[in-house]
1. Going by the conditions given, is V76 β-branched (V, I, T), surrounded by 14 or more Cβ atoms within 10 Å (Cβ to Cβ) and modelled with pLDDT of 95 or more?
2. Would you check if there is a residue in segment 195-210 being part of a loop (DSSP other than H, G, I, E, B) and either surrounded by fewer than 17 Cβ atoms within 10 Å (Cβ to Cβ) or at positive phi (or both)?
3. Any chance segment 258-266 includes a residue that's in contact (Cβ under 8 Å) with a residue 12 or more places away in the chain, more than 30 Å from V76 (Cβ to Cβ) and not in a helix (DSSP H, G or I)?
4. Go through segment 295-335 and report how many residues are crowded, with 17+ Cβ neighbours inside 10 Å, in a loop (DSSP other than H, G, I, E, B), out of contact with any Asp or Glu (no Cβ under 6 Å at 6 or more places or on another chain) and not β-branched (V, I, T).
5. Would you call A54 buried (at least 17 other Cβ atoms within 10 Å of the Cβ), at pLDDT 90 or above and either in the same structural domain as R38 (by TED's automatic domain parsing) or over 20 Å from the mean Cα position of the chain (by Cα) (or both)?
6. Considering only segment 36-54, state which residues are part of a loop (DSSP other than H, G, I, E, B) and either under 12 Å from L77 (Cβ atoms) or not basic (K, R) (or both).
7. If you scan segment 116-140, which residues turn out to be over 24 Å from G206 (Cβ atoms) and among the β-branched types (V, I, T)?
8. Are any residues in segment 73-105 assigned to a helix (DSSP H, G or I) and either assigned by TED's automatic domain parsing to the domain that holds T130 or over 18 Å from G210 (Cα atoms) (or both), and if so, which ones?
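The values are calculated or read from the model by the stated rules, or taken from the named source; none is laboratory data. Remember, predicted model here, so these are calculated numbers, not experimental data. Cβ sites come from the backbone with ideal geometry, for glycine too, and all protein chains shown count toward neighbours.
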Amino acid sequence: MSPSLLPSLLAVAALLLGGCASRPGGPPPLNAEQARERIAALLPANVKDRQGWATDIQVALSTQDIEPSPQNICSVLAVTEQESTFQADPSVPGLARIARQEIDRRAARLHLPSALVDAALGLRSPDGKTYAARLAAARTEGQLSAIFDDFIGMVPLGQTLFGRFNPVHTGGPMQVSIAFAEQHADGYPYAVDGTVRREVFSRRGGVYFGTLHLLGYPADYPEPLYRFADFNAGWYASRNAAFQSALSRLTGIDLALDGDLILHDSLDPSATERAVRSLGPRLGLGNPAIYKQLKSSVGPDFEDTQVYRRVFEMAEQTAGKQLPRAILPGITLQSPKITRNLTTAWFAQRVNERYQRCLRRNPQAAP
């Protein structure tokens, strides 16, 4: 190739790639103000401070390079409505009772007398009130988290009961995991107010990390329903549950379709791993290779592994039909805040109903 032609060819390639990115004939991308207007229009009618919510959602989407499409916006709005009805730090019925029960449970496990616990809670906290008084008045997880932070940091018994770990694990308008937020704090667009934990209980922080947990990973699902299930059960849980279903069909071994393929806190193999090991000769893989490939199930690369491909190929040969690559995980939700028998499938379906209603508020949006 003549060197003189190279710049021209590169220029043509750049134009072609740029044309693909901007989708000729399609609408131009929205600017920040237009995105906020779209979000505000899709919010439920009863939401207060619509511009504040629209701004925080627009920032979360734009800083994560997520298109402000009606589908993406409605996904965020549906989860937020389900989890908090658009309250930055929603109140939890019976929260003070739940918190005291957790303290008493831990004290009993450590054989600590209740009088000692009462004395520790009777101490004055940094705001001048006793910990017992603050616990009795706590209505939100943000308030409770702040109490535990003070109790653990200031009272020796607090460290005995909880170590260095605050027992409030989720919070904010999208009820996102605080551990998830702390692990994904790089790129957070705001100055952190104290700690990442504290940011989760703010509207801006809860929306940012909740959006990241919901939309911030690649997943080739046929419909958003499965992403909503993943929000509750963990990234790729719906894909992994489908793998477990195919594996169970192939081996005849009953498996919990929970999307969790290995035991992360044990050296023993999970039931799913043992089922795959039973196929080892047919897969041409030993136990270490099987474990390594199953371990990748927390990310997108699992679909490229020999275990994933061959299990589905053999299961479909046995079934005589194509098997789904995503199903709703069969998980019963466990939390002191939950007083009914709820499941991940229930959660995903409720969010999906809200998602569909949101799309209907925008006539141009396709489900």
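1. So V76 passes the test.
2. yes
3. Of segment 258-266, the ones in contact (Cβ under 8 Å) with a residue 12 or more places away in the chain are 258-262.
When the remaining residues are screened for being more than 30 Å from V76 (Cβ to Cβ), the result is 262.
Remaining after also requiring not in a helix (DSSP H, G or I): 262.
Looking for residues that are in contact (Cβ under 8 Å) with a residue 12 or more places away in the chain, more than 30 Å from V76 (Cβ to Cβ) and not in a helix (DSSP H, G or I), one finds at least one in segment 258-266, hence yes.
4. Final tally of qualifying residues: 4.
5. Numbers: buried (at least 17 other Cβ atoms within 10 Å of the Cβ): yes; at pLDDT 90 or above: yes; either in the same structural domain as R38 (by TED's automatic domain parsing) or over 20 Å from the mean Cα position of the chain (by Cα) (or both): yes.
When the stated conditions are applied, A54 passes them.
6. Those that are part of a loop (DSSP other than H, G, I, E, B) and either under 12 Å from L77 (Cβ atoms) or not basic (K, R) (or both): L43, P44, A45, N46, V47, D49.
7. Correct list: V117, T130.
8. To start, the set of residues in segment 73-105 that are assigned to a helix (DSSP H, G or I) comprises 73-84, 95-105.
Selection gives L95, A96, R97, I98, A99, R100, Q101, E102, I103, D104, R105.
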